[in-house]
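The values are calculated or read from the model by the stated rules, or taken from the named source; none is laboratory data. Given the structure is predicted, the values throughout are model-derived calculations rather than measurements. FYI the Cβ positions are ideal-geometry reconstructions off the backbone, even for glycines, and counts take in every protein chain you see. In case anyone asks, the SASA skips ligands and DNA or RNA and just uses the protein heavy atoms, side chains included. Shrake-Rupley method; radii C 1.70, N 1.55, O 1.52, S 1.80 Å.
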Amino acid sequence: MTYAAVTGWGKCMPPAILSNADLATFLDTDDEWITTRTGMKERRISHVNAIEMAYVAAMRTLACAGLAASDIDLIVYGSCSNDEMVPNTASALQYKLGAGNAAAMDVNTACTSFLYSWSTANAMIRSGVVRRALVVGVELISRYMDWDNRGVAVLFGDGAAAIVLEATEERTGLLAETLGCYADARGILRIGGYGAAYANSNVTFGDMSWIFDGPQIFKKAVQGMTDASAKTLDKVGVSSSDIDLVVPHQANARIIEAVAKYAGIPMAKVHLTVQKYGNMSAATVPVALVEALEEGRLGPRGKLLMPAFGAGLTLCSHYAEWGERTSPKDVADVELPPCESTALELVQAIRAAKDIRGRSAAGLAGAYLVDQRPYGAQ
Ligand code: UT7
(Lines give C-alpha, C1' and ligand atoms only; values in the text may rest on other atoms or scores of the structure.)
Protein backbone atom coordinates (compact mmCIF):
# COMPACT_ATOMS: atom_id res chain seq x y z
CA MET A 1 0.00 0.00 0.00
CA THR A 2 1.22 3.49 -0.81
CA TYR A 3 1.50 6.22 1.84
CA ALA A 4 2.68 9.85 1.65
CA ALA A 5 5.64 10.56 3.96
CA VAL A 6 6.48 14.09 5.07
CA THR A 7 10.07 14.52 3.89
CA GLY A 8 10.43 18.31 3.92
CA TRP A 9 9.22 21.24 5.99
CA GLY A 10 10.00 24.94 6.19
CA LYS A 11 8.50 28.27 7.14
CA CYS A 12 8.80 31.96 6.35
CA MET A 13 7.84 34.55 8.93
CA PRO A 14 7.82 38.23 7.91
CA PRO A 15 10.11 40.13 10.32
CA ALA A 16 7.89 43.09 11.36
CA ILE A 17 6.29 42.49 14.78
CA LEU A 18 3.04 44.20 15.80
CA SER A 19 2.59 44.20 19.59
CA ASN A 20 -0.57 44.62 21.64
CA ALA A 21 0.79 48.03 22.67
CA ASP A 22 1.08 48.98 18.96
CA LEU A 23 -2.59 48.05 18.45
CA ALA A 24 -3.59 50.16 21.45
CA THR A 25 -2.11 53.27 19.75
CA PHE A 26 -5.02 53.38 17.27
CA LEU A 27 -7.70 51.03 18.70
CA ASP A 28 -9.73 51.18 21.90
CA THR A 29 -8.04 48.08 23.34
CA ASP A 30 -5.22 47.12 25.68
CA ASP A 31 -2.66 44.43 26.34
CA GLU A 32 -4.60 43.01 29.26
CA TRP A 33 -7.83 42.46 27.28
CA ILE A 34 -6.04 40.87 24.33
CA THR A 35 -3.81 38.68 26.50
CA THR A 36 -6.53 37.40 28.82
CA ARG A 37 -9.17 36.86 26.10
CA THR A 38 -6.93 35.40 23.38
CA GLY A 39 -3.44 34.56 24.71
CA MET A 40 -1.94 36.78 21.99
CA LYS A 41 0.96 39.17 22.61
CA GLU A 42 2.37 39.75 19.11
CA ARG A 43 1.70 38.99 15.45
CA ARG A 44 3.68 39.52 12.22
CA ILE A 45 2.80 41.97 9.43
CA SER A 46 4.18 41.24 5.99
CA HIS A 47 5.90 43.88 3.84
CA VAL A 48 5.68 41.61 0.77
CA ASN A 49 2.96 39.76 -1.13
CA ALA A 50 1.85 36.33 0.03
CA ILE A 51 3.57 34.66 -2.91
CA GLU A 52 6.97 35.94 -1.67
CA MET A 53 6.43 34.32 1.73
CA ALA A 54 5.18 31.13 0.07
CA TYR A 55 8.26 31.06 -2.19
CA VAL A 56 10.76 31.37 0.69
CA ALA A 57 8.89 28.74 2.73
CA ALA A 58 8.78 26.43 -0.32
CA MET A 59 12.52 26.82 -1.07
CA ARG A 60 13.37 25.97 2.55
CA THR A 61 11.01 22.98 2.40
CA LEU A 62 12.55 21.63 -0.81
CA ALA A 63 16.06 21.97 0.67
CA CYS A 64 14.90 20.16 3.81
CA ALA A 65 13.67 17.29 1.62
CA GLY A 66 16.83 17.32 -0.52
CA LEU A 67 14.74 17.88 -3.66
CA ALA A 68 14.82 20.25 -6.63
CA ALA A 69 11.70 22.16 -7.69
CA SER A 70 11.61 20.07 -10.89
CA ASP A 71 11.07 16.92 -8.76
CA ILE A 72 7.62 18.12 -7.65
CA ASP A 73 4.50 16.74 -9.43
CA LEU A 74 1.87 18.77 -7.60
CA ILE A 75 1.60 22.08 -5.75
CA VAL A 76 -1.40 22.61 -3.48
CA TYR A 77 -1.62 26.19 -2.24
CA GLY A 78 -3.84 26.54 0.84
CA SER A 79 -4.94 30.11 1.52
CA CYS A 80 -7.89 32.49 1.71
CA SER A 81 -5.82 35.61 0.99
CA ASN A 82 -4.62 34.83 -2.52
CA ASP A 83 -2.70 37.64 -4.24
CA GLU A 84 -4.80 37.03 -7.36
CA MET A 85 -7.91 34.95 -8.09
CA VAL A 86 -7.32 34.40 -11.81
CA PRO A 87 -4.89 32.92 -12.62
CA ASN A 88 -4.66 30.85 -9.46
CA THR A 89 -1.87 31.42 -6.95
CA ALA A 90 -0.33 27.95 -7.11
CA SER A 91 0.60 28.70 -10.74
CA ALA A 92 2.51 31.80 -9.57
CA LEU A 93 4.43 29.64 -7.11
CA GLN A 94 5.12 27.02 -9.78
CA TYR A 95 6.49 29.80 -12.03
CA LYS A 96 8.63 31.41 -9.31
CA LEU A 97 10.07 28.08 -8.16
CA GLY A 98 10.66 26.82 -11.70
CA ALA A 99 8.65 23.71 -10.79
CA GLY A 100 7.69 23.13 -14.41
CA ASN A 101 6.61 19.49 -13.91
CA ALA A 102 4.03 20.29 -11.25
CA ALA A 103 0.27 20.53 -11.47
CA ALA A 104 -0.84 23.59 -9.53
CA MET A 105 -4.04 24.09 -7.56
CA ASP A 106 -5.41 26.42 -4.90
CA VAL A 107 -7.52 25.23 -1.95
CA ASN A 108 -9.55 27.74 0.05
CA THR A 109 -11.32 26.49 3.16
CA ALA A 110 -10.17 29.54 5.17
CA CYS A 111 -8.17 28.65 8.31
CA THR A 112 -8.33 24.91 7.56
CA SER A 113 -6.88 25.38 4.03
CA PHE A 114 -3.48 23.86 4.81
CA LEU A 115 -4.95 20.70 6.35
CA TYR A 116 -7.51 20.30 3.53
CA SER A 117 -4.59 20.77 1.10
CA TRP A 118 -2.63 18.06 2.91
CA SER A 119 -5.66 15.74 2.61
CA THR A 120 -5.89 16.52 -1.13
CA ALA A 121 -2.21 15.85 -1.83
CA ASN A 122 -2.18 12.79 0.43
CA ALA A 123 -5.12 11.26 -1.44
CA MET A 124 -3.53 11.99 -4.83
CA ILE A 125 -0.27 10.34 -3.79
CA ARG A 126 -1.96 7.36 -2.17
CA SER A 127 -4.11 6.77 -5.27
CA GLY A 128 -1.09 6.98 -7.57
CA VAL A 129 -1.93 10.21 -9.42
CA VAL A 130 1.31 11.93 -8.32
CA ARG A 131 4.46 10.88 -6.38
CA ARG A 132 5.75 14.13 -4.87
CA ALA A 133 3.70 17.10 -3.67
CA LEU A 134 4.44 20.50 -2.16
CA VAL A 135 1.68 21.62 0.23
CA VAL A 136 1.67 25.26 1.31
CA GLY A 137 -0.26 27.17 3.98
CA VAL A 138 0.11 30.93 3.59
CA GLU A 139 -1.84 34.04 4.58
CA LEU A 140 -1.55 37.78 4.14
CA ILE A 141 -4.52 38.76 6.29
CA SER A 142 -3.08 42.18 7.16
CA ARG A 143 -3.78 43.44 3.64
CA TYR A 144 -7.54 42.97 3.86
CA MET A 145 -8.00 43.44 7.59
CA ASP A 146 -10.47 46.07 8.76
CA TRP A 147 -7.91 47.76 11.00
CA ASP A 148 -10.51 49.98 12.65
CA ASN A 149 -12.56 47.03 13.97
CA ARG A 150 -11.05 46.01 17.31
CA GLY A 151 -13.17 42.83 17.30
CA VAL A 152 -11.00 41.35 14.52
CA ALA A 153 -7.92 43.55 14.08
CA VAL A 154 -6.21 42.23 17.22
CA LEU A 155 -6.62 38.57 16.27
CA PHE A 156 -4.74 37.95 13.02
CA GLY A 157 -1.22 37.89 11.61
CA ASP A 158 0.70 36.92 8.44
CA GLY A 159 2.99 33.96 7.73
CA ALA A 160 3.73 30.93 5.56
CA ALA A 161 4.97 27.36 5.83
CA ALA A 162 5.04 24.23 3.69
CA ILE A 163 5.68 20.51 3.64
CA VAL A 164 6.82 18.06 0.95
CA LEU A 165 5.06 14.71 0.68
CA GLU A 166 6.63 11.72 -1.09
CA ALA A 167 5.17 8.33 -1.98
CA THR A 168 6.45 5.46 0.16
CA GLU A 169 5.46 1.90 1.00
CA GLU A 170 6.10 2.58 4.71
CA ARG A 171 3.06 3.24 6.92
CA THR A 172 3.72 6.90 7.72
CA GLY A 173 2.34 10.41 7.16
CA LEU A 174 -1.33 11.33 7.29
CA LEU A 175 -3.18 8.17 8.35
CA ALA A 176 -6.67 9.44 9.22
CA GLU A 177 -8.67 12.64 9.10
CA THR A 178 -12.18 13.96 9.57
CA LEU A 179 -13.35 16.84 7.41
CA GLY A 180 -16.58 18.78 7.87
CA CYS A 181 -18.43 22.06 7.57
CA TYR A 182 -21.16 23.77 9.62
CA ALA A 183 -22.53 25.64 6.60
CA ASP A 184 -25.60 26.81 8.51
CA ALA A 185 -23.18 29.04 10.44
CA ARG A 186 -21.35 30.38 7.39
CA GLY A 187 -22.80 33.86 7.93
CA ILE A 188 -21.07 34.40 11.28
CA LEU A 189 -17.57 34.73 9.81
CA ARG A 190 -17.61 36.54 6.52
CA ILE A 191 -15.60 39.16 4.63
CA GLY A 192 -17.89 41.31 2.53
CA GLY A 193 -16.54 42.84 -0.68
CA TYR A 194 -14.10 40.01 -1.40
CA GLY A 195 -15.21 38.04 -4.44
CA ALA A 196 -16.53 38.17 -8.00
CA ALA A 197 -20.09 38.79 -6.79
CA TYR A 198 -18.94 42.33 -5.96
CA ALA A 199 -17.13 42.96 -9.24
CA ASN A 200 -18.41 45.77 -11.48
CA SER A 201 -20.86 46.77 -8.77
CA ASN A 202 -21.03 49.82 -6.55
CA VAL A 203 -18.93 47.88 -4.03
CA THR A 204 -15.31 48.17 -5.07
CA PHE A 205 -12.91 45.29 -4.52
CA GLY A 206 -11.01 46.23 -1.40
CA ASP A 207 -14.20 47.38 0.35
CA MET A 208 -13.57 44.88 3.11
CA SER A 209 -16.14 44.64 5.87
CA TRP A 210 -15.77 41.85 8.40
CA ILE A 211 -18.82 40.14 9.86
CA PHE A 212 -17.47 38.27 12.87
CA ASP A 213 -19.55 36.89 15.72
CA GLY A 214 -16.66 35.95 18.03
CA PRO A 215 -18.59 34.18 20.83
CA GLN A 216 -20.60 32.04 18.35
CA ILE A 217 -17.47 31.14 16.36
CA PHE A 218 -15.78 30.24 19.65
CA LYS A 219 -18.52 27.70 20.56
CA LYS A 220 -18.64 26.15 17.08
CA ALA A 221 -14.85 25.94 17.00
CA VAL A 222 -14.65 24.02 20.27
CA GLN A 223 -17.49 21.70 19.20
CA GLY A 224 -16.09 21.10 15.69
CA MET A 225 -12.48 20.49 16.70
CA THR A 226 -13.53 18.25 19.60
CA ASP A 227 -15.95 16.10 17.56
CA ALA A 228 -13.58 15.82 14.60
CA SER A 229 -10.68 14.78 16.87
CA ALA A 230 -12.74 12.07 18.58
CA LYS A 231 -13.87 10.69 15.20
CA THR A 232 -10.35 10.72 13.79
CA LEU A 233 -8.82 8.89 16.75
CA ASP A 234 -11.65 6.37 16.59
CA LYS A 235 -11.07 5.77 12.85
CA VAL A 236 -7.37 5.06 13.32
CA GLY A 237 -7.79 3.16 16.61
CA VAL A 238 -5.46 5.43 18.60
CA SER A 239 -6.20 6.60 22.14
CA SER A 240 -5.73 10.26 23.07
CA SER A 241 -3.18 9.15 25.68
CA ASP A 242 -0.99 7.84 22.82
CA ILE A 243 -0.77 11.27 21.18
CA ASP A 244 2.74 12.75 21.48
CA LEU A 245 1.95 16.25 20.25
CA VAL A 246 -1.12 18.31 19.36
CA VAL A 247 -0.53 21.01 16.74
CA PRO A 248 -3.88 22.81 16.60
CA HIS A 249 -5.21 25.77 14.69
CA GLN A 250 -4.51 28.77 16.94
CA ALA A 251 -7.32 31.32 16.94
CA ASN A 252 -7.50 31.70 20.71
CA ALA A 253 -5.60 30.02 23.57
CA ARG A 254 -8.91 29.46 25.39
CA ILE A 255 -10.34 27.51 22.42
CA ILE A 256 -7.23 25.30 22.40
CA GLU A 257 -7.43 24.69 26.15
CA ALA A 258 -11.09 23.63 25.84
CA VAL A 259 -10.38 21.25 22.94
CA ALA A 260 -7.41 19.70 24.77
CA LYS A 261 -9.50 19.27 27.92
CA TYR A 262 -12.35 17.52 26.06
CA ALA A 263 -9.81 15.30 24.27
CA GLY A 264 -8.17 14.42 27.60
CA ILE A 265 -4.76 15.64 26.43
CA PRO A 266 -2.64 17.80 28.80
CA MET A 267 -1.61 21.25 27.58
CA ALA A 268 2.02 20.17 28.03
CA LYS A 269 1.50 18.10 24.85
CA VAL A 270 0.13 21.05 22.84
CA HIS A 271 2.47 23.19 20.75
CA LEU A 272 1.43 26.84 21.11
CA THR A 273 2.44 29.73 18.86
CA VAL A 274 -0.64 31.92 19.40
CA GLN A 275 1.21 34.20 21.84
CA LYS A 276 3.78 35.29 19.25
CA TYR A 277 1.99 34.92 15.89
CA GLY A 278 -1.75 35.29 16.62
CA ASN A 279 -4.10 33.56 14.18
CA MET A 280 -2.38 33.15 10.79
CA SER A 281 -5.35 31.28 9.33
CA ALA A 282 -4.03 28.63 6.89
CA ALA A 283 -0.42 29.27 7.90
CA THR A 284 -1.01 28.53 11.58
CA VAL A 285 -0.77 24.74 11.67
CA PRO A 286 2.22 24.37 9.29
CA VAL A 287 4.20 27.15 11.02
CA ALA A 288 3.55 25.53 14.42
CA LEU A 289 4.49 22.13 13.01
CA VAL A 290 7.79 23.42 11.63
CA GLU A 291 8.60 25.15 14.92
CA ALA A 292 7.75 22.00 16.90
CA LEU A 293 10.33 20.14 14.77
CA GLU A 294 12.91 22.92 15.10
CA GLU A 295 12.48 22.90 18.88
CA GLY A 296 12.76 19.11 19.11
CA ARG A 297 9.20 18.69 20.36
CA LEU A 298 8.36 16.06 17.73
CA GLY A 299 10.61 13.02 17.67
CA PRO A 300 11.01 10.11 15.24
CA ARG A 301 7.72 8.16 14.81
CA GLY A 302 5.88 10.88 16.78
CA LYS A 303 2.08 10.69 16.80
CA LEU A 304 0.44 13.98 15.89
CA LEU A 305 -3.09 15.31 16.20
CA MET A 306 -4.01 18.50 14.29
CA PRO A 307 -7.52 19.90 14.87
CA ALA A 308 -8.64 23.06 13.06
CA PHE A 309 -11.62 25.18 12.06
CA GLY A 310 -12.24 28.25 9.94
CA ALA A 311 -14.79 30.33 8.03
CA GLY A 312 -17.43 28.22 6.40
CA LEU A 313 -17.42 27.06 9.18
CA THR A 314 -15.05 24.36 7.98
CA LEU A 315 -13.59 21.97 10.52
CA CYS A 316 -11.21 19.05 10.57
CA SER A 317 -8.82 16.97 12.62
CA HIS A 318 -5.84 15.15 11.16
CA TYR A 319 -3.83 12.29 12.64
CA ALA A 320 -0.29 11.74 11.33
CA GLU A 321 2.68 9.59 12.27
CA TRP A 322 6.08 11.13 11.62
CA GLY A 323 8.94 9.25 9.93
CA GLU A 324 12.48 8.69 11.23
CA ARG A 325 13.99 11.98 10.15
CA THR A 326 13.28 15.15 12.17
CA SER A 327 16.13 17.33 10.89
CA PRO A 328 16.55 18.93 7.45
CA LYS A 329 18.75 17.35 4.76
CA ASP A 330 19.88 20.79 3.60
CA VAL A 331 19.25 24.49 4.21
CA ALA A 332 18.23 26.95 1.46
CA ASP A 333 20.10 30.22 1.04
CA VAL A 334 16.99 32.33 0.55
CA GLU A 335 15.50 35.26 2.50
CA LEU A 336 12.72 37.79 2.10
CA PRO A 337 13.85 41.24 0.94
CA PRO A 338 14.70 43.44 3.95
CA CYS A 339 11.81 45.27 5.61
CA GLU A 340 12.43 49.01 5.99
CA SER A 341 9.27 49.76 8.02
CA THR A 342 7.97 48.87 11.46
CA ALA A 343 4.83 46.73 11.63
CA LEU A 344 2.92 49.72 12.96
CA GLU A 345 4.04 51.79 9.96
CA LEU A 346 2.89 49.03 7.58
CA VAL A 347 -0.52 48.94 9.26
CA GLN A 348 -0.80 52.73 9.30
CA ALA A 349 -0.02 52.77 5.58
CA ILE A 350 -2.96 50.45 4.92
CA ARG A 351 -5.22 52.58 7.14
CA ALA A 352 -4.06 55.80 5.46
CA ALA A 353 -4.69 54.41 1.99
CA LYS A 354 -8.19 53.45 3.04
CA ASP A 355 -8.78 57.00 4.26
CA ILE A 356 -7.61 58.45 0.95
CA ARG A 357 -9.94 56.30 -1.12
CA GLY A 358 -12.78 55.92 1.34
CA ARG A 359 -14.01 52.36 1.60
CA SER A 360 -12.06 51.03 -1.37
CA ALA A 361 -8.40 51.46 -0.76
CA ALA A 362 -6.91 48.12 0.23
CA GLY A 363 -5.73 47.81 -3.37
CA LEU A 364 -4.01 51.19 -3.20
CA ALA A 365 -2.29 50.24 0.05
CA GLY A 366 -0.94 47.18 -1.72
CA ALA A 367 0.16 49.30 -4.66
CA TYR A 368 2.55 51.37 -2.63
CA LEU A 369 3.59 48.76 -0.15
CA VAL A 370 4.54 46.05 -2.59
CA ASP A 371 5.13 45.23 -6.21
CA GLN A 372 1.86 44.11 -7.79
CA ARG A 373 3.23 42.91 -11.14
CA PRO A 374 1.96 39.39 -11.75
CA TYR A 375 4.57 36.66 -12.08
CA GLY A 376 4.92 35.43 -15.63
CA ALA A 377 3.92 38.77 -17.22
CA GLN A 378 6.43 39.74 -19.92
O1 UT7 B 1 -9.93 31.14 12.89
C2 UT7 B 1 -11.27 31.57 12.99
C3 UT7 B 1 -11.29 32.96 13.49
N4 UT7 B 1 -12.03 33.32 14.63
C5 UT7 B 1 -12.01 32.88 15.89
O6 UT7 B 1 -11.54 31.86 16.18
C7 UT7 B 1 -12.60 33.69 16.96
C8 UT7 B 1 -13.32 32.92 18.02
N9 UT7 B 1 -13.76 33.84 19.04
C10 UT7 B 1 -12.94 34.34 19.98
O11 UT7 B 1 -11.79 34.01 20.02
C12 UT7 B 1 -13.50 35.29 21.01
O13 UT7 B 1 -14.91 35.30 20.91
C14 UT7 B 1 -12.95 36.74 20.84
C15 UT7 B 1 -11.49 36.80 21.25
C16 UT7 B 1 -13.09 37.21 19.41
C17 UT7 B 1 -13.72 37.70 21.74
O18 UT7 B 1 -13.62 37.26 23.09
P19 UT7 B 1 -14.95 37.13 23.98
O20 UT7 B 1 -14.51 36.74 25.32
O21 UT7 B 1 -15.89 36.22 23.24
O22 UT7 B 1 -15.48 38.61 24.03
P23 UT7 B 1 -16.83 39.25 23.47
O24 UT7 B 1 -16.85 39.24 21.99
O25 UT7 B 1 -17.98 38.62 24.20
O26 UT7 B 1 -16.67 40.75 23.96
C27 UT7 B 1 -16.59 41.09 25.36
C28 UT7 B 1 -16.37 42.58 25.48
C29 UT7 B 1 -17.36 43.41 24.67
O30 UT7 B 1 -17.67 44.57 25.40
P31 UT7 B 1 -19.03 44.68 26.26
O32 UT7 B 1 -20.14 44.47 25.26
O33 UT7 B 1 -18.95 43.59 27.28
O34 UT7 B 1 -18.97 46.05 26.82
C35 UT7 B 1 -16.57 43.79 23.45
O36 UT7 B 1 -17.01 45.00 22.86
O37 UT7 B 1 -15.07 42.93 25.01
C38 UT7 B 1 -15.19 43.98 24.04
N39 UT7 B 1 -14.12 43.84 23.06
C40 UT7 B 1 -12.90 44.36 23.24
N41 UT7 B 1 -12.38 45.12 24.24
C42 UT7 B 1 -11.09 45.47 24.12
C43 UT7 B 1 -14.15 43.16 21.89
N44 UT7 B 1 -12.94 43.25 21.28
C45 UT7 B 1 -12.16 43.98 22.12
C46 UT7 B 1 -10.82 44.40 22.06
N47 UT7 B 1 -10.33 45.14 23.07
N48 UT7 B 1 -10.01 44.09 21.02
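In segment 273-325, the residue that is farthest from residue 142 (Cα to Cα) out of those that are open to solvent by less than 10 Å² (accessible area, probe 1.4 Å) and of a type in the set (Val, Ile, Thr) is 290.
What are the residues in segment 292-317 that are within 16 Å of the ligand (Cβ to nearest atom) and part of a strand (DSSP E or B), if any?
As a first pass, look at segment 292-317 and keep what is within 16 Å of the ligand (Cβ to nearest atom): 306-317.
Those that are within 16 Å of the ligand (Cβ to nearest atom) and part of a strand (DSSP E or B): 306, 307, 308, 309, 310, 314, 315, 316, 317.
Can you name every one of the strands (runs of 3 or more DSSP E) wholly within segment 168-245 that holds 3 or more residues which are touching a Ser or Thr at 6+ places or on another chain (Cβ under 6 Å)? First the steps, then the outcome.
Details: elements: 173-181, 189-192, 209-212.
Ranges flagged: 173-181.
Within segment 309-336, residues that are within 20 Å of residue 164 (Cα to Cα) sit with their Cβ atoms under 6 Å from residues that are assigned to a loop (DSSP other than H, G, I, E, B) and among the β-branched types (Val, Ile, Thr), at 6+ positions apart or across chains, in these pairs: 321/172; 323/172. The requirement of being in contact (Cβ under 8 Å) with a residue 12 or more places away in the chain and either assigned to a strand (DSSP E or B) or of a type in the set (S, T, N, Q) (or both) is fulfilled nowhere in segment 50-59; no residue meets it.
Taking the options 34, 72, name whichever one is buried (at least 21 other Cβ atoms within 10 Å of the Cβ), within 16 Å of the ligand (Cβ to nearest atom) and farther than 13 Å from residue 157 by Cα. Steps first, please.
On the way: 72 fails: within 16 Å of the ligand (Cβ to nearest atom).
Of the residues listed, the single one that is buried (at least 21 other Cβ atoms within 10 Å of the Cβ), within 16 Å of the ligand (Cβ to nearest atom) and farther than 13 Å from residue 157 by Cα is 34.
Please work out which residue is nearest to the ligand (Cβ to nearest atom), limiting yourself to segment 145-156 and to residues that are more than 24 Å from residue 228 (Cβ to Cβ) and not in a helix (DSSP H, G or I). Steps first, please.
Our first condition is that a residue be more than 24 Å from residue 228 (Cβ to Cβ); within segment 145-156, this holds for 145-154.
With the extra rule that they be not in a helix (DSSP H, G or I), the set shrinks to 145-149, 154.
Values: 145: 12, 146: 12, 147: 12, 148: 12, 149: 9, 154: 4 Å.
By that ranking, first place goes to 154.
Selection over segment 85-96 of residues that are in contact with a helix residue (DSSP H, G or I) (Cβ under 7 Å, 6 or more places away or on another chain) and open to solvent by 20 Å² or more (accessible area, probe 1.4 Å) gives a count of 1.
Of the residues making up segment 250-264, those that are buried (at least 22 other Cβ atoms within 10 Å of the Cβ) and within 12 Å of the ligand (Cβ to nearest atom) are 250, 251, 252, 255, 256, 259.
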